[in-house]
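Heads up, the thing below is written out as structure tokens.
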Amino acid sequence: MKEVVVVCSSVDAGVTVWDLASGTTLTNLKSCASPRNSLACIGQQFLAASQVHKSASSGGGAIFFWAWHKNQIGSRSYPVEPIEPLACTSDGIYLAGGGSSGRIYLWEVTSGRLLRVWPGHYKAVKCLAFSDDDSLLISGADDGFVCVWPLLRVVASNPFQGAVGEAQAPYLHKWSEHTLPVTGLIPGCGGSSAIIVSCSLDHTCKIWSLALGTLLRSILFPTAINAVALDPGEYALYAGGTDGRIFIAALNFGVPTSSGIVAADGLLGTDGMGHSRSVTSLAFSMDGVSLVSGSEDCTVRLWDTVSRQVIRTFTLSKGPISNLLVVPQPPVLHQGSMAEQQGRFLNRRGPLLPIANLSKYVTSDLASQDANPWEGPPIILPSSFSTEEEDNEAYSYSANAMEKQIGELEKHGSTAAMQMELERLRSELRRALNNGQQWQQLHQELYCFCVDELMGGQREREDDEEKETDKEKEKEKEKERERTRGRNKLTEKARER
């Protein structure tokens, strides 16, 4: 599968998309100036990025949306306060944003409805990430806290218990071991049993266990860390420092010191120099050995983690790199000129996910229906389970969470949730039909067993009756023989007399 590198800057340099394998520029999306951790993919059709405060309106920082095939902004939304970090679920349904006040916002993308706002931190939120199964939202902030929020609890709890839309959401874990602002987060694989790696300006990366809710390891670096990445096998982590170096630390090796802190054990690049200025973002390719790094020196570098050397360098001449994503190449992007790309797309235009402007406030059901009478067409989500897997009732935490989310969102009249509910009901119908067939087979077996038992008992009773009849007949014959013998004796005695 082909991959692309998506980058943007903190100055108005737009969004640039490169082909990872060839280095060819595929498209440039205009008008984007985003802070760190503020670029997110919305499904496979859109990009979203929050804007720096100076480009904000009077209502706060804006969130812009682009379609891959158009270089102009497709939609603009203006929350009530400046939003920096963004994170989206893998299916493109939920978008989370972190505010400068410490509040966390959760939107439904297709309708634009603001589902929940809650005070997650005491200071500005700097990074957000969803777990690999989209059941957990992880946040980090300038207050040094790392919090884990179950999406089920966030959506299911009542946002109107306190101030409108700002009731405290229940968290799963809240860790405070960082002494300076948290700058990056990366969750591992495994859903609610995965690890989480956080980096901070306090020169450390900390590894947390979601299952245990504790700190597993703290890795000390000689400089402040801005970005962190895990290799797909989770054998090592890569940390980007403010001095331009990229450090390597093994997760399964190394002897901790008496304080439980492990030191880094490697560097990328010749003479240990990765970039000439601060590293702002790191991301792994799907091949598992290629690492992509972005820096304030206006370059993006593709690394071979085995040889620790640079394979290719991309240059963004308009400004420093603030955000970087490595994603599968969208179908509408092809190598060639922009005119050729637009011509190809016009010949193969397909349905697009609707993008609505994001609401500023959490509203009740009636108010939301008045404000958003149209929510776009329903979205058909492909099933991620086979029929055999659907028959298995050992559902994971995330599956149960999504079912309850569907029920909650259906109360709000969400067409996407209704379509998800329809798919769930179809799968339940298939399981019910399978169960019905099993019950029919069991009933047939039980019926045959009962008939056999019944017929067998009747035959036994008939045999017993026949035996009793034979015994009675035998007794009658014996009595008749005795009477005959008695008469014979009387006759003989009479003759003798």
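Every read-out reported here was derived from the displayed coordinates using simple, explicitly stated rules and does not represent laboratory data. For clarity, every value in this text was computed on a predicted model and none was experimentally measured. Reconstructed Cβ throughout: ideal geometry from the backbone, glycine too, with neighbour counts over all protein chains shown.
Close amide H partners of SER10, meaning residues 5 or more places away or on another chain with modelled amide H under 5 Å apart, are SER34, SER322. Distance between the C-alpha centres of segment 270-308 and segment 1-53: 17 Å, rounded to the whole angstrom.
Evaluating 6.51 cos²θ - 1.76 cosθ + 1.60 at θ = phi - 60° for every residue in segment 121-128, the Karplus couplings come out as 9, 8, 10, 4, 6, 10, 8, 9 Hz, glycine and proline recorded as x. When each of the peptides 472-483, 315-326 is scored by how many other beta carbons lie within 10 Å of its residues on average, the order from highest to lowest is 315-326, 472-483. A crude spin-label estimate for the pair ARG430 and SER90, with each label 7 Å from Cα along the Cβ direction, gives 1.8 nm. Once R0 is set to 22 Å, what does the formula 1/(1 + (r/R0)^6) return for the Cβ-Cβ distance between MET273 and VAL306, expressed as a FRET efficiency to the nearest 0.05? Computed FRET efficiency for MET273 and VAL306: 0.75. Over 22 Å apart at the Cα level, from the set LYS70/LYS318; LYS174/LYS206; LYS467/LYS489; LYS123/LYS174; LYS123/LYS206; LYS126/LYS206, are LYS467/LYS489.
Peptides 12-22, 427-437 ranked from most to least packed by the mean count of surrounding Cβ atoms within 10 Å: 12-22, 427-437. Along segment 78-94 the Karplus relation, 6.51 cos²θ - 1.76 cosθ + 1.60 evaluated at θ = phi - 60°, assigns HN-Hα couplings of 10, x, 6, 9, x, 10, 10, x, 10, 8, 10, 5, 5, 8, x, 8, 10 Hz to successive residues, with x for each Gly and Pro. Over all other residues within a Cβ to Cβ distance under 12 Å of LYS126, the charged ones net out to -1, with Lys and Arg as +1 and Asp and Glu as -1. Taking amide H positions as modeled 1.01 Å from N, with prolines and chain starts lacking one, no residue 5 or more places away or on another chain lies under 5 Å from GLY319. Label-to-label distance, GLU474 versus GLU423, with points set 7 angstrom from Cα along the beta-carbon direction: 7.8 nm. Annotation: amide H-H contacts under 5 Å for VAL289 (H modelled 1.01 Å from N, sequence separation of 5 or more, or interchain): none. Distance distribution P(r), segment 3-347, all Cα-Cα pairs, bin width 20 angstrom from 0: 32, 60, 9, 0 percent.
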